Amino acid sequence: MSLKVQTSNITNKNDPKSINSRVFIGNLNTAVVKKSDVETIFSKYGRVVGCSVHKGYAFVQYSNERHARAAVLGENGRVLAGQTLVKPLAAEHKALEVMMMFAVMYVTAALRSQIKLGT
C-alpha cells in the first residue's frame, strides 16, 4: 500500500521568487481532469509543492525552476481529455498577458482617436 502525499492548493501567486518554478497549464478540460490527475502527470518532473486547478486552467508549483522547465518541455503538445494543453512557465504566461493588455489598450486608444477626428 502506498501513501500519496497531498499537495497544497497554494501556488505562491504573489511570491516573485517562485514564479519561475510555477507552470501555467491552459486549455484544461476541468470537467474531466481533476487536481489528482494534474499532480500525477506533473510530479514525474520533480517535487510538486502546490497545485491549484480552476475552470479551464491550472498552476503547478515546483520546488525549483529546473523541474518546472522540465515539465514544460516534457509535456509540450500533450493531449489530455481531447484538448491540447498550453504549458508556459507562469512568468512567461504573465508577460504574454501584460503584452496583450497593452495591445488592447493601444488599439482602443487608436480607435477612439479616429472616432474623435472623424476619420
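Brief remarks follow.
- Taking the criterion of being over 15 Å from L85 (Cβ atoms), touching a Gly at 6+ places or on another chain (Cβ under 9 Å) and either buried (at least 22 other Cβ atoms within 10 Å of the Cβ) or not charged (D, E, K, R) (or both), the residues of segment 23-71 that qualify are Q61, Y62, S63, N64, H67, A70.
- Residues (without any contact (Cβ under 8 Å) to a residue 40 or more places away in the chain and of a type in the set (V, I, T)) located in segment 38-55: V38, T40, I41, V53
- All told, N20 falls short of being buried (at least 16 other Cβ atoms within 10 Å of the Cβ), over 18 Å from V86 (Cβ atoms) and at pLDDT below 90.
- Meets criteria (surrounded by fewer than 18 Cβ atoms within 10 Å (Cβ to Cβ) and on the phi > 0 side of the Ramachandran plot) for G77: yes
The values are calculated or read from the model by the stated rules, or taken from the named source; none is laboratory data. Here the structure is a predicted model, which means the values were calculated and not measured. Please note: Cβ atoms are built from the backbone with ideal geometry, for glycine as well, and neighbour counts cover all protein chains shown.
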